[in-house]
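The values are calculated or read from the model by the stated rules, or taken from the named source; none is laboratory data. Just so you know, these numbers come straight off a predicted model, no measurement behind them. Cβ placement follows ideal geometry from the backbone for every residue including glycine, while neighbour counts extend to all protein chains displayed.
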Amino acid sequence: MKPDMGPELPEMMLRAAKAAGLGAGLSRREFLFLSAGAVTGLAALNIGRVWGADAPIIIIDNAKGLLLADPSRCVGCLRCELACTEFNDGRAQPSLSRIKVGRNLNFGPEGPSGGVRVQGAWGSGRFIADACRQCPHPVPCATACPENAIIADPVTGARIVDTFACVGCRLCQRACPWNMINFDEQSQKATKCFLCQGHPKCVEACPSGALRYVPWRDLTREAAPGRAALRVVSAEKAKECLDCHLPR
Amino acid sequence: MAKEKGGFAGKVLRVDLSTGKISLEDTVAKYREVLGGTGIGYKVLWEEVPAGTAPFDAGNKIVFATGVLAGTGVPCNGRTAVTTLFPSCWPQPLVASGHMGGHFAAKLKYAGYDALIVEGKADRPVWLFIRDGRVEIRDARHLWGTGIRRATLEISQEMGPESVVAAIGQAGENRVPLSVVMNSVSHSAGGVGAVMGAKNLKAVAVQGSGSVRIAGDKSEWERLVKFHLSILGANNQHVVPSFPHPQSEYYNPTSRWVGAPGKRWGAAEPPVEINGGLFDLNRISFRSNSGAFYLGDQAWRYTVRGNGCTGCPIRCHTILKVPSVEAKYGIREVAQNTCGGMVFGRSFFKQLPGGLMGPAALEACMVGMHMADDLGLWCNYGQLQRDLIKLYYDGTLKTKIGSDEYASFSWDKYENGDPAFLFEIIPRIAMRQGELGEALGLGTGGLLDHWSIPEETWTQDSATAYWKLGHPKHHANEDDGQCGVIINTQYNRDAQCHSHANFIRNGLPLAVQKKLAAEIWGSPEAVDGAGDYTPMNIHKARRARWSLVRKELHDSLGLCNWMGPWVASPLKERGYSGDDSLESRFYSLATGEKMSREDLDLIGERIFVLHRALTIRGMGSMEMRTRHDLTPQWIYQDLSGAQSFTKGTIRMDPLDIARAMELFYEVMGWDKATGAPTAKAYARLGLQSVADGLAVKKLLPGVEG
């Protein structure tokens, strides 16, 4: 990219600028101003779009919906995990479930050595269910994927694994700060919550109403990540990031 | 074979603790004819554990077995049958099963196993590590002497927090016959803890990342699962609420469907109000509350939520949070269990301040759960506690134990219903301390022997609820007249059969039950109103047979017989009818092997008759009618003098019961004189080799001695 961002400014940025009330001929200063708030701004303006087929996927539209799990209602029955896998994959395999309660069932997120902070069946009796946050840009799993195999579902905007493109490298698993990506050993592909075309089976299956499908909002700034994630951005993608995020 | 069949995990794991040998068998190739659960348990004991083996011998085996439907989304699954020779069975140990729920069954399936056979005896305390294909016998010396809670914690640290640990406590280690193995906090299999202890097996821990394959079309499976959900009631498949509700034509105050609008899980943070429609599938978990059912309305305030087995929406275990017990007794303020496990502590007392549903009762339950579920003590369906009550209040106890030991108990606390008393009695039983602790832990039979008390002292006293062979009644004539009596004669511990009781107590008016009975068992006369019994007829015998067959079927499929069968439903639009073929429909879809209701019931009957054969061989007698299928005298009495077959009494008539047993033998195709299955009966069920084995021992009717 040339330093003086005239007409070569990506069309998307022009639209963003116009929507933000900035003139068509952006000065560098104006562009930097726009860049700083680019992510939030674009998200709010909902004009982010996937780039052309041969360009690295950087910005993905926000999802339309979100799974919410209420630990004050969850009864630890695992019907959500069973519905997720049985009704989608034709086999009962909680370890593959895209909503995750089983891993917190016995001792909660703290684990067996958590002492007084132990939740779950052996602790407070509170069951924590983890659901995919359908992260906004930058989507950790999508960004980490060297094959651009995590894309937005056209109907729900859910971040979904394109199994044709997935090569089974598992980088997405390492990238997710909340450890929500599964790897299906049978198909040798990653798999994650895809919101069941807008009718999540887990929500339907929950016998205590602990799961709800609600309009999306950004949950990534709430609740600390569960683990240290591997932040991976390929060189090609990093280069494209510069379209919006120029160093000062 | 197993790979092509859905449902089955495919392998049976065999562990020899004496030699350390670990081996695998093909479930379908070797055990398909007995399916799983109690079926595999009885088959292993028949083929591999000779008569005369004692429970604590290395030659005894423990079979932990689940079934095809465990670990799937079928509602009310997650059950493991634990089959072995029971040390509490008296005067001679015989085959019996404990049943535990929780998450063990599902995990075993995901690890790749339908069953685990434990044989031999380790030379030092060990625990069994099972993670998918990796199976190891690990050192448990650091765990021996710890309770179930700590053992679970330390094993989970080693194996991972998602592993399911089935452990014994000190009671099992000390070979107390009234001991359990427990998984997932509160899910116990009664009667088997001491057998594990005798094998030096502290725990079995399982982690599994695999799957249970559904052979059939997944959309069809989803529809059937949703259909099953739609015909569910509350705990024990009670299908009408206990409260009036505009959406329900009927209600019945005795029903376990206690979750009325306006009630709430008061100790959830924040509390959860019960709202929504009565039949909403997203509100099933709010229907039942064992805490409220047993301890009254006060329990709602202390209810955190329901809990239970994998995949079951009912959540019949209640998590209770009672802050006062932490300060008062130094125990955790949170505890959970259901039924007998929940009222373990309360059951010791003849009375408590505030009554059976008062605050002292609640505290007693908390204290009881805290200790019994850690020490791994078994109540023998409340017989343990009733035995103490009788011994104490009859004055017998004072004459049997030394005065020093007698004086060491705070009997004033006992008489006053002070939960603190439990700290004196419960640990002594688990640790076999003192004569009373030792005697009570033996079970009723051992206790009667120990103190030379004639069994009649118990069988004449209805307050004991004692039935036979050292164990109590379990849903007998108090629920279901002759049908209940028949069922209670058939086992070697308290009958763990709920098929009949679930229907009789489902809360529907008798007229509706009779209509359903005609559809299911061929005649409205198959059912009476509880406490309003009519003379015996063949339809009741058929219903008893159905109940027993389905009990074994559920136990062998991994389903919960405390919920099934699902022949009644809450749905007026269905005429309150459920589906008598649900088990076979699920089996067919899961495995890909089409089985009709009759096909599957035949297997259930095969399993039940295999239990009969084991009993006959174990007793060395085919005189079942006179020596095994016994009834206690108290069922033929009524303290107010009411006559049998009058309204308001559960009193049975001896001649009528004799007729009941005859009709039962007739519908089973057994020899009427002895109550033993005939060669023809065995052959019809594919048990020819069993018949041959019994014939050699002259235990087959018609084979002369």
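Consider the stretch B:206-254 and keep the residues that are out of contact with any Leu (no Cβ under 7 Å at 6 or more places or on another chain) and assigned to a strand (DSSP E or B). The one that is nearest to residue A:89 (Cα to Cα) is B:213. Scan the stretch A:176-224 for residues that are among the hydroxyl-bearing types (Ser, Thr, Tyr), assigned to a loop (DSSP other than H, G, I, E, B) and either crowded, with 18+ Cβ neighbours inside 10 Å or not assigned by TED's automatic domain parsing to the domain that holds residue A:75 (or both) and the total you get is 1. The set of residues in the stretch B:353-362 that are part of a helix (DSSP H, G or I) and not aliphatic (A, V, I, L, M) contains only B:359.
For the stretch B:260-271, a residue qualifies if it is of a type in the set (Gly, Ala, Ser) and away from every other protein chain (no Cβ under 11 Å), and the qualifying residues are B:260, B:262, B:266. None of B:213, B:223 is within 30 Å of residue B:165 (Cα to Cα) and within 11 Å of chain A (Cβ to nearest Cβ) except B:213.
None of B:656, B:671 is out of contact with any Cys (no Cβ under 8 Å at 6 or more places or on another chain), of a type in the set (Asp, Glu) and without any contact (Cβ under 8 Å) to a residue 60 or more places away in the chain except B:671.
Only one entry in B:398, B:468 is basic (Lys, Arg) and surrounded by fewer than 20 Cβ atoms within 10 Å (Cβ to Cβ), namely B:398. Can you tell me which residue in the stretch A:60-76 is farthest from the chain's Cα centre (by Cα), limited to those that are within 18 Å of residue A:121 (Cα to Cα) and more than 8 Å from every other protein chain (Cβ to nearest Cβ)? Checking each candidate, the answer is A:71.
Residues of the stretch A:141-151 that are crowded, with 23+ Cβ neighbours inside 10 Å and outside any loop (DSSP other than H, G, I, E, B): A:141, A:142, A:143, A:144, A:150. Within the stretch B:428-485, being more than 19 Å from residue B:661 (Cα to Cα) and aliphatic (A, V, I, L, M) holds for B:429, B:430, B:431, B:436, B:439, B:440, B:442, B:447, B:448, B:453, B:463, B:465.
Within the stretch A:159-175, track down each residue that is touching a Lys or Arg at 6+ places or on another chain (Cβ under 8 Å) and either free of Cβ contacts under 8 Å to residues at least 40 places away in the same chain or not in a helix (DSSP H, G or I) (or both).
Scanning the stretch A:159-175 gives A:159, A:160, A:161, A:163, A:166, A:168, A:172.
Here's the yes/no breakdown for (1) more than 14 Å from chain B (Cβ to nearest Cβ); (2) farther than 30 Å from residue B:223 by Cβ; (3) in contact (Cβ under 8 Å) with a residue 40 or more places away in the chain; (4) over 16 Å from the mean Cα position of the chain (by Cα):
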| position | (1), (2), (3), (4) |
| --- | --- |
| A:177 | yes, yes, yes, no |
| A:196 | no, no, yes, no |
| A:201 | no, no, yes, yes |
| A:208 | no, no, yes, yes |
| A:235 | yes, yes, no, yes |
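Being at the interface with another protein chain (Cβ under 9 Å from one of its Cβ atoms) and in contact with a Lys or Arg (Cβ under 6 Å, 6 or more places away or on another chain) is the filter here; which residues of the stretch B:142-190 pass it? Matches in the stretch B:142-190: B:162, B:164.
Yes or no, residue by residue, for (1) surrounded by 22 or more Cβ atoms within 10 Å (Cβ to Cβ); (2) more than 7 Å from chain A (Cβ to nearest Cβ); (3) farther than 24 Å from residue A:103 by Cα; (4) hydrophobic (A, V, I, L, M, F, W, C):
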| position | (1), (2), (3), (4) |
| --- | --- |
| B:273 | no, yes, yes, no |
| B:282 | no, no, no, no |
| B:285 | yes, no, no, no |
| B:292 | yes, yes, yes, yes |
| B:300 | yes, yes, yes, yes |
| B:309 | yes, yes, no, yes |
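Flag: residue B:355 matches the condition of being surrounded by fewer than 24 Cβ atoms within 10 Å (Cβ to Cβ) and at pLDDT 95 or above. Taken over the stretch B:311-329, the criterion of being facing chain A (nearest Cβ under 9 Å) and within 17 Å of the chain's Cα centre (by Cα) is satisfied by B:312, B:314, B:315.
Candidates B:145, B:160, B:133, B:120: the one that is surrounded by fewer than 18 Cβ atoms within 10 Å (Cβ to Cβ), in contact (Cβ under 8 Å) with a residue 24 or more places away in the chain and farther than 20 Å from residue B:431 by Cα is B:160. Residue count for the stretch A:77-109 under the criterion of being at the interface with another protein chain (Cβ under 9 Å from one of its Cβ atoms) and either in contact with a Phe, Trp or Tyr (Cβ under 8 Å, 6 or more places away or on another chain) or not in a helix (DSSP H, G or I) (or both): the result is 15. Restricting the search to strands (runs of 3 or more DSSP E) fully inside the stretch B:1-116 and requiring at least 1 residues that are more than 21 Å from the chain's Cα centre (by Cα) and of a type in the set (Gly, Ala, Ser) gives B:22-26.
Just checking, does the stretch A:132-148 include any residue being at pLDDT 95 or above and of a type in the set (Gly, Ala, Ser)? The answer is no, given that none of the residues of the stretch A:132-148 is at pLDDT 95 or above and of a type in the set (Gly, Ala, Ser). Look through the stretch B:226-243, keep the residues that are among the β-branched types (Val, Ile, Thr) and in contact with a Pro (Cβ under 7 Å, 6 or more places away or on another chain), and return whichever of them is nearest to the other protein chains (Cβ to nearest Cβ). Step by step, filter the stretch B:226-243, then rank; the result is B:239.
Selection of helices (runs of 4 or more DSSP H) fully inside the stretch B:363-411 by the criterion of at least 2 residues being free of Cβ contacts under 8 Å to residues at least 12 places away in the same chain returns B:396-400, B:403-407. The residues of the stretch B:22-76 that are in contact with a strand residue (DSSP E or B) (Cβ under 7 Å, 6 or more places away or on another chain), under 30 Å from residue A:93 (Cα atoms) and of a type in the set (A, V, I, L, M, F, W, C), listed by number, are B:22, B:24, B:40, B:44, B:62, B:63, B:64, B:65. Those helices (runs of 4 or more DSSP H) of the stretch B:495-563 in which at least 2 residues are over 25 Å from the mean Cα position of the chain (by Cα) and over 29 Å from residue B:212 (Cα atoms), considering only elements entirely within it, cover B:510-521, B:538-557. Only one of the listed residues (B:596, B:584, B:577, B:588) is surrounded by fewer than 24 Cβ atoms within 10 Å (Cβ to Cβ), of a type in the set (Gly, Ala, Ser), touching a residue at least 60 places away in the same chain (Cβ under 8 Å) and in contact with a helix residue (DSSP H, G or I) (Cβ under 8 Å, 6 or more places away or on another chain). That residue is B:577.
With respect to residue B:373, is the statement that it is buried (at least 22 other Cβ atoms within 10 Å of the Cβ) and out of contact with any Leu (no Cβ under 9 Å at 6 or more places or on another chain) true?
Considered against the rule, which asks whether it is buried (at least 22 other Cβ atoms within 10 Å of the Cβ) and out of contact with any Leu (no Cβ under 9 Å at 6 or more places or on another chain), residue B:373 comes out as yes.
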